Amino acid sequence: MTGQVISFPREAPDVVNETSSTLKAFGVLEVLVRMGRPVTLSELMLATELPKPSLHRTLALFEEAGLLSREPDGRAYTLGQRLSRFGLDILRNDAAAAERRIILRRVVAEIGESCNLAVMHRGDLIYLDRIEADWPLRLQLPVGGASLRPHCCASGKLLLAHRGVAERDRLLSKMALERFTDRTITDQQVLQSELDRILQNGYAVDNEEYVIGVACVAVPVADSRGEVVAALAVQGATARLPLMRAIEFVPRLREAAAQISSTLG
């Protein structure tokens, strides 16, 4: 770590000012969430200013409870499955979720195709919400439980593109680029170029890469700090929604994404 400047979230020093031991412990989780990457013990000590023995006990307790986990080399900590699931449950069930669902319904009513709101969770794509258009021919995708591989869908590629370069490279290096159709991108370099193109265009497409006969376009949804945390997408059968037609909906999707952003912390 010599010579490397470690940048911590602006809110991290709040942990130091907490007087309650419970809130100090919670502050450790806040730092892990805000960093958005595995964090070492020394980095956590610097961010929280907690004594090493106290921090050790807190980390051990959280690890045993499944709130955090260690990287394979044992030197860094990351969010545990229990904490990640808790965050998703909050997004799906908080009061703002009803407002986001109203926004999705309005978009579906206007454009006549299914829309969904998705996030990246532990390297997979998970739908927070989905509103189906009233068509007999449509793709049924589950909300919440099941997940999709991000390399084969518009929302997944968009969220990958908006990760930091180091995190993107780390995720891609471990990702099996499974082929679902003859249009699925299975080459790492081709996928990297696609992600760069997404950042330039401001939207992502799925040109029958997950299911033949289904096209999708996704735009980013940012939180109050301007960080892209979700993707809003329209999806439909190419028989009535060719890809170029789906791209025409990008301005409307961006309007809805801005409205959804206002519901996020």
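Numbers at a glance
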read-out	value
Separation of alpha-carbon centers, segment 21-85 and segment 155-223, rounded to whole Å	30
Student exercise, segment 159-265 dipole from Lys, Arg, Asp, Glu Cβ charges, in Debye to nearest 20	160
Gained length - Asp124 relative to Arg34, 0.36 nm times residue gap less alpha-carbon distance	30.5 nm
Spin-label pair Arg252/Asp169, simplified geometry with 7 Å Cα→Cβ offset, distance in nm	4.1
Cβ charges +1 (Lys, Arg) and -1 (Asp, Glu), total dipole of segment 14-79, debye	80
Estimated FRET transfer efficiency (Asp134, Arg70; beta-carbon r; R0 35 Å; 0.05)	0.15
Loop-located GluC sites (Glu not before Pro) in segment 18-67 whose Cβ has at most 10 other Cβ within 10 Å (DSSP)	none
Dipole magnitude of segment 85-261 about its Cα centre (Cβ charges: Lys, Arg +1; Asp, Glu -1), debye to nearest 20	180
Whichever lysines have a C-alpha closer than 27 Å to that of Lys157, once near sequence neighbours (fewer than 8 apart) are set aside	Lys174
Aspartates and glutamates whose Cα lies under 19 Å from that of Lys24, excluding same-chain neighbours fewer than 8 positions away	Glu11, Asp14, Glu43, Glu49, Glu63, Glu64
Å³ per residue enclosed by the Cα convex hull of segment 187-265	101
Cβ-derived FRET efficiency at R0 51 Å, Leu243 paired with Phe26, nearest 0.05	0.65
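Every number in this text was worked out from the coordinates using simple rules, so none of it is lab data. Since we're looking at a predicted model, the values are computed, not measured. For neighbour counting, all protein chains shown are included, and Cβ atoms are generated from backbone atoms with ideal geometry for every residue, glycine included.
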